[in-house]
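Contents: one structure, followed by commentary.
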Amino acid sequence: MATTSTTGSTLLQPLSNAVQLPIDQVNFVVCQLFALLAAVWFRTYLHSSKTSSFIRHVVATLLGLYLAFFCFGWYALHFLVQSGISYCIMIIAGVESMHQCCFVFALGYLSVCQITRVYIFDYGQYSADFSGPMMIITQKITSLAYEIHDGMFRKDEELTPSQRGLAVRRMPSLLEYVSYTCNFMGILAGPLCSYKDYIAFIEGRASHVAQPSENGKDEQHGKADPSPNAAVTEKLLVCGLSLLFHLTISNMLPVEYNIDEHFQATASWPTKATYLYVSLLAARPKYYFAWTLADAINNAAGFGFRGYDKNGVARWDLISNLRIQQIEMSTSFKMFLDNWNIQTALWLKRVCYERATFSPTIQTFFLSAIWHGVYPGYYLTFLTGVLMTLAARAVRNNFRHYFLEPPQLKLFYDLITWAATQITISYTVVPFVLLSIKPSFTFYSSWYYCLHVCSILVLLLLPVKKSQRRTNTQENVHLSQAKKFDERENSLGQNSFSTMNNVCNQNRDTGSRHSPLTQ
(Lines give C-alpha, C1' and ligand atoms only; values in the text may rest on other atoms or scores of the structure.)
Protein backbone atom coordinates (compact mmCIF):
# COMPACT_ATOMS: atom_id res chain seq x y z
CA MET A 1 0.00 0.00 0.00
CA ALA A 2 1.44 3.42 -1.01
CA THR A 3 1.29 5.44 2.17
CA THR A 4 3.20 8.56 3.09
CA SER A 5 2.70 11.51 5.36
CA THR A 6 1.18 14.54 3.73
CA THR A 7 0.31 18.02 4.89
CA GLY A 8 -2.34 18.29 2.18
CA SER A 9 -5.71 16.66 1.65
CA THR A 10 -6.12 12.91 2.22
CA LEU A 11 -9.29 12.79 0.11
CA LEU A 12 -7.44 10.89 -2.63
CA GLN A 13 -5.89 8.26 -0.35
CA PRO A 14 -7.94 5.42 -1.95
CA LEU A 15 -6.63 6.43 -5.37
CA SER A 16 -3.11 6.60 -3.94
CA ASN A 17 -3.47 3.05 -2.64
CA ALA A 18 -4.85 1.83 -5.96
CA VAL A 19 -2.01 3.21 -8.11
CA GLN A 20 0.69 2.50 -5.51
CA LEU A 21 2.02 6.07 -5.47
CA PRO A 22 2.51 8.46 -2.52
CA ILE A 23 -0.55 10.56 -1.87
CA ASP A 24 1.32 13.85 -2.22
CA GLN A 25 2.30 12.88 -5.76
CA VAL A 26 -1.29 11.82 -6.51
CA ASN A 27 -2.56 15.14 -5.13
CA PHE A 28 -0.11 16.99 -7.35
CA VAL A 29 -1.07 15.19 -10.56
CA VAL A 30 -4.82 15.39 -9.88
CA CYS A 31 -4.56 19.11 -9.09
CA GLN A 32 -2.66 19.71 -12.31
CA LEU A 33 -5.34 17.85 -14.26
CA PHE A 34 -7.98 19.94 -12.48
CA ALA A 35 -5.97 23.05 -13.40
CA LEU A 36 -6.03 21.91 -17.03
CA LEU A 37 -9.84 21.72 -16.99
CA ALA A 38 -10.02 25.02 -15.12
CA ALA A 39 -7.79 26.58 -17.77
CA VAL A 40 -10.19 25.55 -20.53
CA TRP A 41 -13.09 27.00 -18.53
CA PHE A 42 -11.08 30.16 -17.80
CA ARG A 43 -10.38 30.75 -21.48
CA THR A 44 -13.94 29.94 -22.55
CA TYR A 45 -16.03 31.77 -19.96
CA LEU A 46 -13.62 34.34 -18.52
CA HIS A 47 -11.97 35.40 -21.73
CA SER A 48 -10.57 38.92 -21.70
CA SER A 49 -13.20 39.93 -24.23
CA LYS A 50 -16.00 38.84 -21.88
CA THR A 51 -14.88 39.96 -18.44
CA SER A 52 -12.68 42.50 -16.71
CA SER A 53 -9.03 42.10 -15.80
CA PHE A 54 -10.03 42.44 -12.14
CA ILE A 55 -12.25 39.35 -12.29
CA ARG A 56 -9.60 37.38 -14.17
CA HIS A 57 -6.99 38.28 -11.55
CA VAL A 58 -9.30 37.35 -8.65
CA VAL A 59 -10.38 34.01 -10.12
CA ALA A 60 -6.84 33.01 -11.16
CA THR A 61 -5.56 33.81 -7.66
CA LEU A 62 -8.33 32.06 -5.73
CA LEU A 63 -8.05 28.92 -7.85
CA GLY A 64 -4.30 28.94 -7.36
CA LEU A 65 -4.55 29.22 -3.59
CA TYR A 66 -7.17 26.46 -3.49
CA LEU A 67 -4.87 24.08 -5.36
CA ALA A 68 -1.99 25.04 -3.09
CA PHE A 69 -3.95 24.33 0.09
CA PHE A 70 -5.28 21.06 -1.33
CA CYS A 71 -1.75 19.85 -2.06
CA PHE A 72 0.16 21.26 0.91
CA GLY A 73 -2.34 22.23 3.61
CA TRP A 74 -1.28 25.03 5.92
CA TYR A 75 2.24 24.93 4.44
CA ALA A 76 0.74 26.84 1.50
CA LEU A 77 0.71 29.88 3.80
CA HIS A 78 4.44 30.12 3.09
CA PHE A 79 3.54 31.15 -0.46
CA LEU A 80 1.48 34.09 0.80
CA VAL A 81 3.99 35.02 3.50
CA GLN A 82 6.91 35.05 1.07
CA SER A 83 4.95 37.01 -1.54
CA GLY A 84 3.40 39.41 0.98
CA ILE A 85 6.62 40.32 2.75
CA SER A 86 8.41 40.73 -0.57
CA TYR A 87 5.70 43.14 -1.73
CA CYS A 88 6.09 45.15 1.46
CA ILE A 89 9.86 45.25 0.92
CA MET A 90 9.30 46.57 -2.59
CA ILE A 91 7.10 49.38 -1.27
CA ILE A 92 9.32 50.28 1.69
CA ALA A 93 12.75 49.91 0.10
CA GLY A 94 11.87 51.84 -3.02
CA VAL A 95 12.97 51.29 -6.60
CA GLU A 96 16.65 52.03 -5.90
CA SER A 97 17.35 48.99 -3.73
CA MET A 98 14.23 46.81 -3.91
CA HIS A 99 15.87 44.31 -6.26
CA GLN A 100 18.68 43.54 -3.83
CA CYS A 101 16.44 43.41 -0.75
CA CYS A 102 13.84 41.19 -2.42
CA PHE A 103 16.54 38.93 -3.80
CA VAL A 104 18.14 38.39 -0.40
CA PHE A 105 14.83 37.91 1.41
CA ALA A 106 13.11 35.65 -1.13
CA LEU A 107 16.14 33.42 -1.60
CA GLY A 108 16.82 33.38 2.15
CA TYR A 109 13.22 32.47 2.99
CA LEU A 110 13.30 29.70 0.41
CA SER A 111 16.57 28.36 1.83
CA VAL A 112 15.20 28.30 5.37
CA CYS A 113 12.16 26.33 4.18
CA GLN A 114 14.36 23.91 2.26
CA ILE A 115 16.62 23.35 5.27
CA THR A 116 13.69 22.60 7.56
CA ARG A 117 12.15 20.25 4.99
CA VAL A 118 15.36 18.29 4.49
CA TYR A 119 16.71 18.11 8.05
CA ILE A 120 13.48 18.15 10.06
CA PHE A 121 11.30 16.07 7.75
CA ASP A 122 12.28 13.13 5.53
CA TYR A 123 15.79 13.42 4.12
CA GLY A 124 15.91 12.34 0.50
CA GLN A 125 12.16 12.02 0.02
CA TYR A 126 11.61 12.37 -3.72
CA SER A 127 8.02 13.53 -3.73
CA ALA A 128 5.99 16.68 -4.02
CA ASP A 129 6.76 19.21 -1.29
CA PHE A 130 5.88 22.80 -0.53
CA SER A 131 9.36 24.12 -1.33
CA GLY A 132 8.90 23.18 -5.00
CA PRO A 133 6.28 25.87 -5.74
CA MET A 134 8.27 28.28 -3.56
CA MET A 135 11.19 27.89 -5.95
CA ILE A 136 9.00 29.21 -8.78
CA ILE A 137 7.57 31.99 -6.61
CA THR A 138 11.12 33.00 -5.67
CA GLN A 139 11.96 33.30 -9.35
CA LYS A 140 8.91 35.48 -9.94
CA ILE A 141 9.56 37.72 -6.93
CA THR A 142 13.20 38.34 -7.82
CA SER A 143 12.54 38.71 -11.55
CA LEU A 144 9.83 41.29 -10.99
CA ALA A 145 11.97 43.22 -8.50
CA TYR A 146 14.76 43.52 -11.05
CA GLU A 147 12.32 44.40 -13.82
CA ILE A 148 10.79 47.22 -11.72
CA HIS A 149 14.27 48.45 -10.78
CA ASP A 150 15.25 48.49 -14.46
CA GLY A 151 12.06 50.23 -15.55
CA MET A 152 11.69 52.81 -12.80
CA PHE A 153 15.25 53.57 -11.67
CA ARG A 154 17.85 52.80 -14.32
CA LYS A 155 18.27 54.81 -17.50
CA ASP A 156 17.28 53.18 -20.78
CA GLU A 157 20.78 53.48 -22.22
CA GLU A 158 22.12 51.44 -19.30
CA LEU A 159 19.88 48.49 -20.11
CA THR A 160 20.48 45.62 -22.49
CA PRO A 161 17.78 45.00 -25.11
CA SER A 162 16.35 42.13 -23.04
CA GLN A 163 16.25 44.23 -19.86
CA ARG A 164 14.60 47.09 -21.72
CA GLY A 165 11.98 44.79 -23.19
CA LEU A 166 11.09 43.29 -19.81
CA ALA A 167 11.32 46.51 -17.75
CA VAL A 168 8.20 47.33 -15.72
CA ARG A 169 7.37 51.04 -15.68
CA ARG A 170 4.86 51.15 -12.81
CA MET A 171 4.45 49.45 -9.45
CA PRO A 172 1.98 46.53 -9.60
CA SER A 173 -1.07 46.57 -7.38
CA LEU A 174 -1.26 43.98 -4.62
CA LEU A 175 -3.86 41.98 -6.56
CA GLU A 176 -1.73 41.99 -9.73
CA TYR A 177 1.30 40.93 -7.70
CA VAL A 178 -0.39 38.01 -5.92
CA SER A 179 -2.09 36.94 -9.15
CA TYR A 180 1.30 36.84 -10.87
CA THR A 181 2.98 34.80 -8.13
CA CYS A 182 0.09 32.49 -7.13
CA ASN A 183 -2.18 32.01 -10.16
CA PHE A 184 -3.59 28.51 -10.71
CA MET A 185 -1.82 28.01 -14.03
CA GLY A 186 1.66 28.10 -12.54
CA ILE A 187 1.54 27.82 -8.77
CA LEU A 188 2.33 24.09 -8.59
CA ALA A 189 4.92 23.62 -11.33
CA GLY A 190 5.47 26.95 -13.02
CA PRO A 191 6.91 27.72 -15.41
CA LEU A 192 8.33 31.15 -14.78
CA CYS A 193 7.01 33.89 -17.04
CA SER A 194 7.76 37.58 -17.23
CA TYR A 195 5.40 39.94 -15.41
CA LYS A 196 4.73 41.92 -18.60
CA ASP A 197 3.75 38.79 -20.51
CA TYR A 198 1.40 37.69 -17.71
CA ILE A 199 -0.31 41.08 -17.43
CA ALA A 200 -0.64 41.27 -21.22
CA PHE A 201 -2.37 37.87 -21.14
CA ILE A 202 -4.76 38.86 -18.35
CA GLU A 203 -5.64 42.10 -20.11
CA GLY A 204 -6.07 40.37 -23.47
CA ARG A 205 -3.10 41.94 -25.24
CA ALA A 206 -0.78 38.90 -25.51
CA SER A 207 -2.27 37.50 -28.72
CA HIS A 208 -1.92 40.80 -30.57
CA VAL A 209 1.88 40.99 -30.53
CA ALA A 210 3.30 41.87 -33.91
CA GLN A 211 5.99 39.59 -35.29
CA PRO A 212 9.07 40.75 -37.22
CA SER A 213 9.12 39.71 -40.86
CA GLU A 214 12.21 38.86 -42.88
CA ASN A 215 12.55 42.47 -44.08
CA GLY A 216 12.67 43.69 -40.50
CA LYS A 217 9.19 45.21 -40.48
CA ASP A 218 6.49 44.20 -38.05
CA GLU A 219 3.54 42.38 -39.53
CA GLN A 220 0.18 42.00 -37.82
CA HIS A 221 -1.46 38.70 -38.74
CA GLY A 222 -5.19 38.67 -39.22
CA LYS A 223 -5.82 35.76 -36.88
CA ALA A 224 -5.69 37.67 -33.60
CA ASP A 225 -6.85 35.00 -31.17
CA PRO A 226 -5.55 31.58 -32.30
CA SER A 227 -6.80 28.36 -30.76
CA PRO A 228 -4.34 26.51 -28.51
CA ASN A 229 -6.12 23.17 -28.96
CA ALA A 230 -3.57 21.64 -31.33
CA ALA A 231 -0.64 22.68 -29.14
CA VAL A 232 -2.34 21.44 -25.98
CA THR A 233 -3.23 18.09 -27.56
CA GLU A 234 0.34 17.58 -28.75
CA LYS A 235 1.76 18.40 -25.32
CA LEU A 236 -0.70 16.12 -23.55
CA LEU A 237 0.41 13.31 -25.86
CA VAL A 238 4.01 13.97 -24.83
CA CYS A 239 2.88 13.93 -21.17
CA GLY A 240 1.21 10.57 -21.61
CA LEU A 241 4.23 8.97 -23.26
CA SER A 242 6.59 10.45 -20.67
CA LEU A 243 4.45 9.22 -17.78
CA LEU A 244 4.20 5.75 -19.32
CA PHE A 245 7.96 5.61 -19.80
CA HIS A 246 8.57 6.79 -16.24
CA LEU A 247 6.21 4.26 -14.66
CA THR A 248 7.66 1.35 -16.63
CA ILE A 249 11.20 1.71 -17.98
CA SER A 250 12.52 4.21 -15.42
CA ASN A 251 11.96 1.88 -12.48
CA MET A 252 13.88 -0.86 -14.26
CA LEU A 253 16.99 1.32 -14.68
CA PRO A 254 17.73 2.94 -11.30
CA VAL A 255 20.58 5.43 -11.18
CA GLU A 256 21.68 3.88 -7.87
CA TYR A 257 22.82 0.75 -9.73
CA ASN A 258 25.79 2.78 -11.00
CA ILE A 259 27.32 2.45 -7.51
CA ASP A 260 26.39 -1.19 -6.95
CA GLU A 261 29.52 -2.96 -5.71
CA HIS A 262 29.06 -6.03 -7.89
CA PHE A 263 28.37 -3.89 -10.97
CA GLN A 264 31.44 -1.76 -10.31
CA ALA A 265 33.63 -4.83 -9.82
CA THR A 266 32.51 -6.85 -12.83
CA ALA A 267 31.28 -4.42 -15.52
CA SER A 268 33.57 -3.32 -18.34
CA TRP A 269 34.11 0.36 -19.10
CA PRO A 270 31.82 0.32 -22.17
CA THR A 271 29.13 -1.34 -20.05
CA LYS A 272 29.53 1.24 -17.28
CA ALA A 273 29.34 4.13 -19.74
CA THR A 274 26.32 2.66 -21.50
CA TYR A 275 24.39 2.05 -18.28
CA LEU A 276 25.31 5.50 -16.99
CA TYR A 277 23.80 7.10 -20.09
CA VAL A 278 20.72 4.86 -20.19
CA SER A 279 19.93 5.24 -16.46
CA LEU A 280 20.11 9.05 -16.63
CA LEU A 281 18.10 9.01 -19.86
CA ALA A 282 15.41 7.04 -18.01
CA ALA A 283 15.41 9.57 -15.15
CA ARG A 284 14.41 12.50 -17.38
CA PRO A 285 10.79 11.61 -18.40
CA LYS A 286 9.37 12.62 -15.01
CA TYR A 287 10.62 16.15 -15.70
CA TYR A 288 9.30 15.98 -19.26
CA PHE A 289 5.89 15.04 -17.85
CA ALA A 290 5.69 17.73 -15.17
CA TRP A 291 7.02 20.60 -17.28
CA THR A 292 5.08 19.74 -20.43
CA LEU A 293 1.83 19.41 -18.47
CA ALA A 294 2.46 22.78 -16.85
CA ASP A 295 3.04 24.30 -20.27
CA ALA A 296 -0.17 22.71 -21.59
CA ILE A 297 -2.17 24.17 -18.69
CA ASN A 298 -1.01 27.69 -19.50
CA ASN A 299 -1.69 27.18 -23.20
CA ALA A 300 -5.18 25.85 -22.47
CA ALA A 301 -5.91 29.11 -20.66
CA GLY A 302 -4.71 31.04 -23.69
CA PHE A 303 -1.29 31.96 -22.27
CA GLY A 304 1.97 31.19 -24.05
CA PHE A 305 1.25 32.40 -27.59
CA ARG A 306 4.42 33.75 -29.22
CA GLY A 307 3.23 34.82 -32.63
CA TYR A 308 3.38 32.95 -35.92
CA ASP A 309 6.22 31.28 -37.74
CA LYS A 310 7.09 32.04 -41.38
CA ASN A 311 4.39 29.62 -42.51
CA GLY A 312 1.69 31.35 -40.47
CA VAL A 313 1.47 28.57 -37.88
CA ALA A 314 0.76 29.71 -34.33
CA ARG A 315 3.64 29.21 -31.90
CA TRP A 316 2.73 28.29 -28.32
CA ASP A 317 6.21 28.14 -26.80
CA LEU A 318 6.55 31.51 -25.10
CA ILE A 319 6.99 29.91 -21.67
CA SER A 320 7.93 26.36 -22.67
CA ASN A 321 10.46 24.83 -20.28
CA LEU A 322 12.19 22.30 -22.51
CA ARG A 323 12.81 21.08 -26.03
CA ILE A 324 13.04 17.31 -25.81
CA GLN A 325 14.47 16.61 -29.25
CA GLN A 326 17.28 19.15 -28.80
CA ILE A 327 18.04 17.77 -25.33
CA GLU A 328 18.41 14.20 -26.49
CA MET A 329 20.37 15.18 -29.62
CA SER A 330 22.65 17.71 -27.93
CA THR A 331 26.17 17.85 -29.32
CA SER A 332 27.50 20.29 -26.74
CA PHE A 333 27.13 21.05 -23.06
CA LYS A 334 25.71 24.46 -23.97
CA MET A 335 23.11 23.00 -26.32
CA PHE A 336 21.86 20.70 -23.57
CA LEU A 337 21.70 23.52 -21.04
CA ASP A 338 19.97 25.89 -23.47
CA ASN A 339 17.08 23.45 -23.91
CA TRP A 340 16.70 22.09 -20.36
CA ASN A 341 14.53 23.98 -17.84
CA ILE A 342 14.58 26.97 -20.17
CA GLN A 343 12.70 29.44 -17.97
CA THR A 344 14.94 28.79 -14.98
CA ALA A 345 17.91 29.20 -17.31
CA LEU A 346 16.56 32.58 -18.43
CA TRP A 347 16.01 33.59 -14.80
CA LEU A 348 19.60 32.75 -13.91
CA LYS A 349 20.80 34.65 -16.93
CA ARG A 350 18.72 37.77 -16.22
CA VAL A 351 19.22 38.13 -12.47
CA CYS A 352 22.80 36.84 -12.22
CA TYR A 353 24.82 36.12 -15.37
CA GLU A 354 24.10 39.43 -17.14
CA ARG A 355 24.61 41.44 -13.95
CA ALA A 356 27.65 39.67 -12.46
CA THR A 357 30.72 41.88 -12.09
CA PHE A 358 33.17 38.95 -12.03
CA SER A 359 33.17 35.21 -12.84
CA PRO A 360 29.57 35.16 -14.14
CA THR A 361 29.65 31.42 -14.86
CA ILE A 362 30.75 30.52 -11.33
CA GLN A 363 28.30 32.95 -9.72
CA THR A 364 25.45 31.59 -11.84
CA PHE A 365 26.20 27.97 -10.96
CA PHE A 366 26.40 28.91 -7.29
CA LEU A 367 23.03 30.70 -7.39
CA SER A 368 21.51 27.73 -9.17
CA ALA A 369 22.79 25.38 -6.46
CA ILE A 370 21.41 27.55 -3.64
CA TRP A 371 18.05 27.88 -5.40
CA HIS A 372 17.75 24.12 -5.87
CA GLY A 373 18.18 23.30 -2.20
CA VAL A 374 20.54 22.05 0.46
CA TYR A 375 21.29 18.49 -0.57
CA PRO A 376 25.09 18.12 -0.83
CA GLY A 377 24.73 16.32 -4.14
CA TYR A 378 23.35 19.49 -5.72
CA TYR A 379 26.50 21.42 -4.90
CA LEU A 380 28.74 18.63 -6.12
CA THR A 381 26.82 18.56 -9.41
CA PHE A 382 27.07 22.30 -9.91
CA LEU A 383 30.75 22.48 -8.99
CA THR A 384 31.38 19.71 -11.51
CA GLY A 385 29.15 21.55 -13.97
CA VAL A 386 31.29 24.70 -13.78
CA LEU A 387 34.38 22.65 -14.64
CA MET A 388 32.64 20.78 -17.47
CA THR A 389 31.14 23.94 -18.95
CA LEU A 390 34.43 25.81 -19.07
CA ALA A 391 36.26 22.79 -20.50
CA ALA A 392 33.58 22.13 -23.12
CA ARG A 393 33.67 25.79 -24.16
CA ALA A 394 37.45 25.66 -24.52
CA VAL A 395 37.35 22.50 -26.65
CA ARG A 396 34.60 23.88 -28.87
CA ASN A 397 36.37 27.22 -29.42
CA ASN A 398 39.69 25.55 -30.28
CA PHE A 399 38.62 22.62 -32.47
CA ARG A 400 35.11 22.94 -33.89
CA HIS A 401 36.09 25.15 -36.85
CA TYR A 402 38.36 22.39 -38.16
CA PHE A 403 35.40 20.03 -38.61
CA LEU A 404 32.81 22.16 -40.40
CA GLU A 405 33.70 20.98 -43.92
CA PRO A 406 33.15 18.63 -45.69
CA PRO A 407 29.71 17.40 -44.52
CA GLN A 408 31.04 13.91 -43.80
CA LEU A 409 33.62 15.31 -41.42
CA LYS A 410 30.98 17.48 -39.76
CA LEU A 411 28.74 14.42 -39.30
CA PHE A 412 31.61 12.51 -37.71
CA TYR A 413 32.31 15.46 -35.40
CA ASP A 414 28.63 15.66 -34.42
CA LEU A 415 28.49 11.95 -33.57
CA ILE A 416 31.60 12.16 -31.40
CA THR A 417 30.46 15.32 -29.62
CA TRP A 418 26.95 13.86 -29.10
CA ALA A 419 28.37 10.80 -27.34
CA ALA A 420 30.81 12.90 -25.32
CA THR A 421 28.09 15.37 -24.32
CA GLN A 422 25.62 12.69 -23.21
CA ILE A 423 28.22 10.87 -21.11
CA THR A 424 29.52 14.12 -19.62
CA ILE A 425 26.03 15.34 -18.72
CA SER A 426 25.18 11.98 -17.14
CA TYR A 427 28.47 11.94 -15.23
CA THR A 428 27.82 15.46 -13.95
CA VAL A 429 24.25 14.97 -12.72
CA VAL A 430 24.65 11.65 -10.87
CA PRO A 431 25.16 13.44 -7.49
CA PHE A 432 22.02 15.49 -8.24
CA VAL A 433 20.04 12.25 -8.25
CA LEU A 434 21.90 10.49 -5.43
CA LEU A 435 21.68 13.60 -3.20
CA SER A 436 24.23 12.56 -0.55
CA ILE A 437 27.99 13.00 -0.51
CA LYS A 438 29.05 9.41 0.20
CA PRO A 439 27.28 7.68 -2.73
CA SER A 440 28.28 10.55 -5.02
CA PHE A 441 31.97 10.16 -4.19
CA THR A 442 31.57 6.39 -4.49
CA PHE A 443 30.41 6.89 -8.06
CA TYR A 444 33.14 9.34 -8.99
CA SER A 445 35.76 7.10 -7.38
CA SER A 446 34.58 4.17 -9.49
CA TRP A 447 35.28 6.34 -12.55
CA TYR A 448 38.60 7.51 -11.06
CA TYR A 449 37.40 11.11 -11.42
CA CYS A 450 38.44 10.76 -15.05
CA LEU A 451 36.24 13.54 -16.49
CA HIS A 452 37.27 15.91 -13.72
CA VAL A 453 40.91 15.25 -14.53
CA CYS A 454 40.34 15.62 -18.28
CA SER A 455 38.52 18.93 -17.78
CA ILE A 456 41.31 20.34 -15.65
CA LEU A 457 43.91 19.29 -18.23
CA VAL A 458 41.87 20.90 -21.00
CA LEU A 459 41.69 24.19 -19.10
CA LEU A 460 45.42 24.10 -18.37
CA LEU A 461 46.56 23.16 -21.87
CA LEU A 462 44.13 24.84 -24.26
CA PRO A 463 44.24 28.59 -24.81
CA VAL A 464 41.16 30.59 -23.91
CA LYS A 465 40.22 32.64 -26.94
CA LYS A 466 38.92 36.12 -26.26
CA SER A 467 38.48 38.75 -28.94
CA GLN A 468 38.25 42.30 -27.65
CA ARG A 469 37.43 43.51 -31.14
CA ARG A 470 34.50 41.12 -31.34
CA THR A 471 33.34 42.20 -27.90
CA ASN A 472 33.40 45.86 -28.92
CA THR A 473 31.59 45.05 -32.16
CA GLN A 474 28.89 43.24 -30.24
CA GLU A 475 28.48 46.19 -27.88
CA ASN A 476 27.89 48.45 -30.90
CA VAL A 477 25.37 45.96 -32.29
CA HIS A 478 23.63 45.97 -28.89
CA LEU A 479 23.22 49.74 -28.99
CA SER A 480 21.92 49.66 -32.57
CA GLN A 481 19.47 46.84 -31.86
CA ALA A 482 18.39 48.48 -28.61
CA LYS A 483 17.49 51.65 -30.48
CA LYS A 484 15.48 49.70 -33.06
CA PHE A 485 13.74 47.78 -30.29
CA ASP A 486 12.75 50.97 -28.50
CA GLU A 487 11.25 52.36 -31.71
CA ARG A 488 9.28 49.14 -32.25
CA GLU A 489 8.16 49.10 -28.59
CA ASN A 490 6.96 52.68 -28.75
CA SER A 491 5.06 52.14 -32.01
CA LEU A 492 3.34 49.03 -30.74
CA GLY A 493 2.58 50.24 -27.25
CA GLN A 494 2.67 46.65 -26.03
CA ASN A 495 5.01 43.84 -24.97
CA SER A 496 6.96 42.03 -27.69
CA PHE A 497 8.94 39.51 -25.72
CA SER A 498 9.68 37.20 -28.63
CA THR A 499 11.29 39.96 -30.69
CA MET A 500 13.39 41.09 -27.74
CA ASN A 501 14.46 37.58 -26.83
CA ASN A 502 15.57 36.78 -30.37
CA VAL A 503 17.63 39.97 -30.57
CA CYS A 504 19.19 39.29 -27.19
CA ASN A 505 20.04 35.67 -27.90
CA GLN A 506 21.58 36.44 -31.28
CA ASN A 507 23.85 39.16 -29.96
CA ARG A 508 24.89 37.68 -26.63
CA ASP A 509 25.92 34.28 -27.92
CA THR A 510 29.66 34.73 -27.44
CA GLY A 511 30.80 33.69 -24.01
CA SER A 512 27.27 33.26 -22.73
CA ARG A 513 24.91 30.42 -22.04
CA HIS A 514 21.40 30.22 -20.73
CA SER A 515 22.15 28.43 -17.50
CA PRO A 516 23.94 25.90 -15.50
CA LEU A 517 22.22 22.57 -14.97
CA THR A 518 18.83 23.09 -13.52
CA GLN A 519 16.38 20.75 -11.95
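Some observations on this one:
- Rolling a 1.4 Å probe over the protein heavy atoms gives the stretch 1-114 an accessible area of 47 Å² per residue.
- Sorted peptide list for 228-235, 343-350, criterion being average Cβ within 10 angstrom, highest first: 343-350, 228-235
- Phi to ³J(HN,Hα) by Karplus 6.51 cos²θ - 1.76 cosθ + 1.60 over the stretch 61-68, Hz, x for Gly, Pro: 6, 5, 5, x, 5, 4, 4, 5
- When the listed pairs LYS310/LYS349; LYS349/LYS438; LYS196/LYS310; LYS310/LYS334; LYS140/LYS349 are checked against a 20 Å cut-off, the alpha-carbon distance exceeds it for LYS310/LYS349; LYS349/LYS438; LYS196/LYS310; LYS310/LYS334.
- In terms of packing, defined here as the mean over residues of other Cβ atoms within 10 angstrom, the peptides 294-302, 12-20, 146-154, 260-268 line up highest first as 294-302, 146-154, 12-20, 260-268.
- Backbone HN-Hα couplings from phi across the stretch 282-293 [Karplus 6.51/-1.76/1.60, Hz, Gly and Pro as x]: 6, 7, 7, x, 5, 6, 4, 5, 5, 6, 5, 5
- In terms of the mean number of neighbouring beta-carbon atoms within 10 Å, the peptides 372-384, 182-194 order highest first as 182-194, 372-384.
- Whole-percent carbon and sulfur share, accessible surface of the stretch 1-147, 1.4 Å: 72
- Stokes-Einstein diffusion coefficient of the stretch 364-425, Kirkwood radius over Cα pairs, 20 °C, 1.002 mPa s, in µm²/s: 160
- Sequentially through the stretch 346-356, phi angles give Karplus couplings (6.51, -1.76, 1.60; θ = phi - 60°) of 5, 4, 4, 5, 6, 8, 10, 4, 5, 10, 5 Hz, Gly and Pro residues having no value and appearing as x.
- Violating pairs (Cα-Cα greater than 21 angstrom) within the set LYS50/LYS235; LYS235/LYS410; LYS235/LYS286: LYS50/LYS235; LYS235/LYS410
The values are calculated or read from the model by the stated rules, or taken from the named source; none is laboratory data. Just so you know, these numbers come straight off a predicted model, no measurement behind them. Backbone-built Cβ (ideal geometry, glycine too); neighbour counts: all protein chains shown. Heavy atoms of the whole protein, side chains included, go into the accessibility calculation; ligands, DNA and RNA do not. Shrake-Rupley method; radii C 1.70, N 1.55, O 1.52, S 1.80 Å.
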